[in-house]
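Working notes for the structure below.
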Amino acid sequence: MAATTTTPTIKIAEDQLHPVRSTARSDAPGPSPYALAGGIYHTRSISRASFDRPLRRSASRVSHDRRTEFSAADVEEGDDWRDGQEKKKQIFSGTTLLWLAYQSIGVIYGDIGTSPLYVYSSTFTSSPSYDDLVQVLSVIIWSLTIVVTLKYVVIILHADNEGEGGTFSCYSLLTRYANITDRDPRDEVTVRMERHLTQDMRPSSRGLRAGIEKSKFTRGLLKTIGVLAVSMVMADGVLTPAQSVLGAVQGLNVVKPDISSSTVVGTTCGILVVLFAIQPLGTTKLATTFAPIVILWLGFNCGFGIYNLIKFDWTVLKAFSPYFAIQFFVQHKYEAWRKLGGILLAFTGVEALFADLGAFSMRAIQLSWMCYTYPCLLLAYIGQAAFIAQHPDAYSNPFFNSVPPGMLYPSLIVAVLAAIVASQAIITATFQLISQIMKLSYCPQVKVVHTSHTFHGQVYVPFLNWLLMCGTILVTAVYSDTTRLGNAYGVCVMFVTFFDTCMVTLVSLIVWRLSPFLVFLPWLFFATIDGLYLSSALNKVPDGAWFTLTLSGILAALFLLWRFGKESQWIAEASHRFKPTQLVKKDREGKLHLTEKWGGDPLSVIRGLGIFFDKTGVLTPAVFTHFVSKFVAVPDIAVFFHLHPVEAPTVPPEERYAVSRFTAVPGCYRLVIKHGFMDEVISPDLAALIYEQVRKFIIRQAQEKYQGHLAEKEHGNQTDGEEEEGEGEGEGAEQTSDEADTRPTSSLAAPAESGSQEEEKQEDAGSSSRSPTVFGTPRTTPPTPGVLSPANTTDKHDNTKTNPTETLHTPLPVELRDEKVAAELARLDRAYAAKIMYVVGKGQMRISGSASIGRKAALSVFLWIRDNTRAKIANLQLAMDRVVEVGFVKEI
């Protein structure tokens, strides 16, 4: 069971809960009813989760360093939830790395691994001569070596963006090291900007970065290249499964030549449905299942290659000399250039190798390619060439014609299975890429399911999966033949490899800060090879490649249109993102008023707890601004509630909740709940959970303030008598804490504090440096304001033991010794007891009347897609009688 990273779900239990409020009294000890308030739980343990466990302490802490940056009224106390939220790259080693390498064989190399079935037949149109055969073999060997091994495996795989691969990840990496794009305010905290200082860069690289940042055309070009690369891989994602599965089914003609075309197409469509239907199982399970098939297939190719090389003509080994590859172009010129369109099929799938990087790792891919796949493919092509050298007519079906005696049927079965799973590489790549472009707001938010707890980059996108299935079935039914499909194949691959070459060159200059003299010649070398293959592949455009180019162009246009609309939306929303002091101010009597910008009217106070859904988690939510300005009122307690996804499977309990206080607005807080992609938000009573966390925050701050006061007092009174007295007090407090731990907990406390005993006992046991004196008094459950509980404890002020038979009162808990803190707790309790409101923004976008016709058309499409894809309030399953929708209109 997995949760999405984009739209967390709040599940409301069917049973109506009635948590005990702060004025309730219960004489029975035990866990607080507030444990039913819910929280975030790992999805794999939901079935065995016990909701009566006390919640762990919030991880938020008071951040004093930030207070120096703004005035006191602008500070959010405890606003440190954004620290350390950036995605972190996973590093694997040992057996985990070997396991990933094994999995990568089953996913990445299915496409490039099945190329020996058709490379020679796609390159030659008639029986080749020995010299032509050796020259083509030399080109194949050096293409695999230069394009795949040297360029991709050795160089390009290093250009990852926190472990993610693909052309768009290179663009994303550049955006972290150069100011070339805007970001969604919701995602800014998850991106680690690492722009190098100007003086730390070479003059040429510094000038290049400055030129890109200043040039609107260059920024737009890089954006377009990144999106086009994603679109072309997705277009191949429609074509590749149809091509590979259809070719596998047509391979049955070897044993049954009279199979009808309708039977082939129908069988192919059925296999495609099954292939896409099993995608929800996840990359790990599929890779584990497919890996033995691909390993066996590559092993067959390796063994057959060695057999043919020994038995027929070992002299073809001279093709390892680049001399023969050069002679191929010298002797055949134009015809050699034309043949490159068939030779490039030897490394189609290399674009998926880079795009699938996020699902595995660089070391795993390097290990699986260099140690197994690369040698097997070389031996496959060499062995087929050795057989064709003695049997020139065998070029038409090189693999099956060169199979050793007695191995036809086993190899046929393995070949069909390998061809079926060959499309897994491109399917996985499309899942990776769509999740990447969503992070930079180039695509509407769709559900992304993380399928592995260990390997964070392995994802499944349900909507895209079924869309690809429909596309591949349609293409199969229309084309119905691998020859026609093959004409559309290869152009997008070469475009993507060329884009990768250019993007990684920019990365090497701006990110890696390499010398331009070291970068230019390799770029020229690789770009020349890419250009030769690309220009040759463009010959296929009239014969069928127009389909993938058209499809990728449509997809790229949609992605860019969505990004254009989002940028316009951010500009419109920017006017409503500001600090609370720009909306609300206090007069001399301490009463709240709107600022002059908003009319300056005095604000009335609405009794109750107002929960404002905050989509950014920074500054003032737009819904709060419109609520206050329209109603000219504020709730008694206002909480900005923000759900923040984290790039991790789960968030430790002590780090899930972060509360901060706005000093400008009394009774105003922000609660951020952080959740991993395998966490699920469960809250039978969301208001109870929020009340509980805010109350803990207030009490914890009071305890920390008291601890600091005691430390200052002890530091200022360093006399022998005071030290002895202080030691006596400390021993008494420690004894009281132990006694309090062994007797039943008083139930007169506020329900939200029921979990504090065990939490603090665990912390005291785990940290010997923390003095038990600090939490000696409140180790038992703190009472509600104005309510005292009988206990056998030590009074620190007079050092006398209090016997419950002599008095019914104990000293106030730490948080209630401060009148301001006690009043704050009482205000929170009253608001929660009075009324609960879930305040949700109902924003609408309106196109400005002064916009041009083209802009109006583009924004109209954007708004239509937005209105039909964004999550609705019904998805939160809140109690609708408590929901208040605040409408507002923004012009874009």
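The values are calculated or read from the model by the stated rules, or taken from the named source; none is laboratory data. Every value quoted in this text rests on a predicted model; they were computed, and no experiment measured them. Glycine gets a Cβ as well: all are built from the backbone with ideal geometry, and neighbour counts include every protein chain shown.
Just for region 175-207: of the residues that are of a type in the set (A, V, I, L, M) and in contact with a helix residue (DSSP H, G or I) (Cβ under 6 Å, 6 or more places away or on another chain), which one is nearest to ILE91 (Cα to Cα)? Break it down stepwise before answering.
We begin by selecting, within region 175-207, every residue of a type in the set (A, V, I, L, M); these are 178, 180, 189, 191, 193, 197, 201.
From the residues that got through so far, the ones that are in contact with a helix residue (DSSP H, G or I) (Cβ under 6 Å, 6 or more places away or on another chain) too are 178, 180, 193.
On the way: ALA178: 25, ILE180: 29, MET193: 20 Å.
Ranking the candidates gives MET193 first.
Among (1) within 19 Å of TRP562 (Cα to Cα); (2) of a type in the set (Phe, Trp, Tyr); (3) touching a strand residue (DSSP E or B) at 6+ places or on another chain (Cβ under 7 Å), there is one condition TYR460 misses while meeting the rest; what is its number?
It is condition (1) that TYR460 fails.
So VAL191 passes all but one of these: (1) surrounded by fewer than 18 Cβ atoms within 10 Å (Cβ to Cβ); (2) at pLDDT below 90. Which condition number does it fail?
In the conditions (1) surrounded by fewer than 18 Cβ atoms within 10 Å (Cβ to Cβ); (2) at pLDDT below 90, VAL191 misses (1) alone.
Say we look at region 475-514 and pick out the residues that are modelled with pLDDT of 90 or more and surrounded by fewer than 20 Cβ atoms within 10 Å (Cβ to Cβ); which of these is nearest to LEU272 (Cα to Cα)?
Step by step, filter region 475-514, then rank; the result is CYS502.
What pairs come out if I take residues in region 497-515 that are closer than 12 Å to TYR152 by Cα and touching a residue at least 40 places away in the same chain (Cβ under 8 Å) and pair them with residues that are among the small types (Gly, Ala, Ser) and surrounded by fewer than 21 Cβ atoms within 10 Å (Cβ to Cβ) whose C-beta lies under 7 Å away, six or more apart or interchain?
THR501/ALA527
In this structure, does SER204 turn out to be surrounded by fewer than 19 Cβ atoms within 10 Å (Cβ to Cβ), farther than 26 Å from ALA352 by Cα and of a type outside the set (Lys, Arg)?
Judged against the criteria, SER204 is a match.
Looking at (1) closer than 18 Å to ALA355 by Cα; (2) of a type in the set (Gly, Ala, Ser); (3) buried (at least 24 other Cβ atoms within 10 Å of the Cβ), can you tell me which one SER435 breaks?
That leaves (3) as the condition not met.
So ALA874 ticks every box in (1) more than 20 Å from PHE640 (Cβ to Cβ); (2) surrounded by fewer than 13 Cβ atoms within 10 Å (Cβ to Cβ); (3) at pLDDT 80 or above; (4) within 37 Å of the chain's Cα centre (by Cα) but one. Which box is left unticked?
Condition not satisfied by ALA874: (3).
Just checking, which of LEU275, LEU252, LEU228, LEU221 is modelled with pLDDT of 90 or more, over 20 Å from LEU468 (Cα atoms) and either over 33 Å from the mean Cα position of the chain (by Cα) or assigned to a helix (DSSP H, G or I) (or both)? If you could, list the steps in order and put the result at the bottom.
On the way: LEU275 fails: over 20 Å from LEU468 (Cα atoms); LEU252 fails: modelled with pLDDT of 90 or more; LEU228 fails: over 20 Å from LEU468 (Cα atoms).
Exactly one residue qualifies, and that residue is LEU221.
Within the set of pairs 6 or more residues apart or between chains, which connect a residue that is on the phi > 0 side of the Ramachandran plot inside region 600-614 to a residue that is assigned to a loop (DSSP other than H, G, I, E, B) and of a type outside the set (A, V, I, L, M, F, W, C) with Cβ atoms less than 6 Å apart?
Going by the 6 Å Cβ cut-off, the qualifying pairs are GLY608/LYS835.
Being charged (D, E, K, R) and over 15 Å from SER172 (Cα atoms) is the filter; apply it to region 210-225 and report the residue that is surrounded by the most Cβ atoms within 10 Å (Cβ to Cβ).
At the first step, the residues of region 210-225 found to be charged (D, E, K, R) are 213-214, 216, 219, 223.
Those left that are additionally over 15 Å from SER172 (Cα atoms): 214, 216.
Numbers: LYS214: 10, LYS216: 7.
Only one residue fits best here, namely LYS214.
Step by step: first the residues of region 660-703, then only those that are of a type in the set (Val, Ile, Thr) and over 17 Å from PRO635 (Cβ atoms), then the one that is surrounded by the fewest Cβ atoms within 10 Å (Cβ to Cβ). Which residue is that?
THR663
All but one of (1) within 20 Å of GLY113 (Cβ to Cβ); (2) in contact with a Phe, Trp or Tyr (Cβ under 9 Å, 6 or more places away or on another chain); (3) surrounded by fewer than 22 Cβ atoms within 10 Å (Cβ to Cβ) hold for VAL416; state the number of the condition that does not hold.
With respect to (1) within 20 Å of GLY113 (Cβ to Cβ); (2) in contact with a Phe, Trp or Tyr (Cβ under 9 Å, 6 or more places away or on another chain); (3) surrounded by fewer than 22 Cβ atoms within 10 Å (Cβ to Cβ), VAL416 is out only on (2).
Taking region 643-700, which residues are outside any helix (DSSP H, G or I) and of a type in the set (Lys, Arg)?
Passing the criteria: ARG656, ARG661, ARG670, LYS674.
Show the residue pairs that are 6+ apart or on different chains and have beta-carbon atoms under 8 Å apart, the first residue being within region 527-549 and more than 15 Å from LEU239 (Cα to Cα), the second being at pLDDT below 85.
Cβ pairs passing all conditions: ALA537/GLY490; ALA537/ALA545; LEU538/ALA545.
Of the residues in region 342-361, how many are within 24 Å of the chain's Cα centre (by Cα) and assigned to a helix (DSSP H, G or I)?
Total meeting the criteria: 10.
If the requirement is being more than 30 Å from THR528 (Cβ to Cβ), touching a residue at least 24 places away in the same chain (Cβ under 8 Å) and crowded, with 24+ Cβ neighbours inside 10 Å, which of these qualifies: TRP297, TRP314? Before you say what the answer is, go through the steps one by one.
On the way: TRP314 fails: crowded, with 24+ Cβ neighbours inside 10 Å.
The match here is TRP297.
Whether any residue in region 452-466 is surrounded by fewer than 18 Cβ atoms within 10 Å (Cβ to Cβ), out of contact with any Pro (no Cβ under 9 Å at 6 or more places or on another chain) and of a type in the set (S, T, N, Q) is what I want to check.
no
Any residue in region 452-459 that is under 30 Å from PHE862 (Cα atoms), in contact (Cβ under 8 Å) with a residue 40 or more places away in the chain and among the aliphatic types (A, V, I, L, M)?
Yes, region 452-459 contains at least one residue that is under 30 Å from PHE862 (Cα atoms), in contact (Cβ under 8 Å) with a residue 40 or more places away in the chain and among the aliphatic types (A, V, I, L, M).
Starting from residues that are part of a helix (DSSP H, G or I) and in contact with a Pro (Cβ under 7 Å, 6 or more places away or on another chain), keep the ones in region 117-132 and report whichever is nearest to ALA389 (Cα to Cα).
Taking the candidates together, the pick is TYR120.
Which numbered condition trips up ASN179, out of (1) assigned to a loop (DSSP other than H, G, I, E, B); (2) more than 30 Å from the chain's Cα centre (by Cα)?
(2)
Regarding LYS579, is this residue in contact (Cβ under 8 Å) with a residue 60 or more places away in the chain and under 30 Å from LEU506 (Cβ atoms)?
no
Could you tell me which of the residues ALA364, ALA386 is buried (at least 19 other Cβ atoms within 10 Å of the Cβ) and under 40 Å from the mean Cα position of the chain (by Cα)?
That would be ALA364, the only listed residue that is buried (at least 19 other Cβ atoms within 10 Å of the Cβ) and under 40 Å from the mean Cα position of the chain (by Cα).
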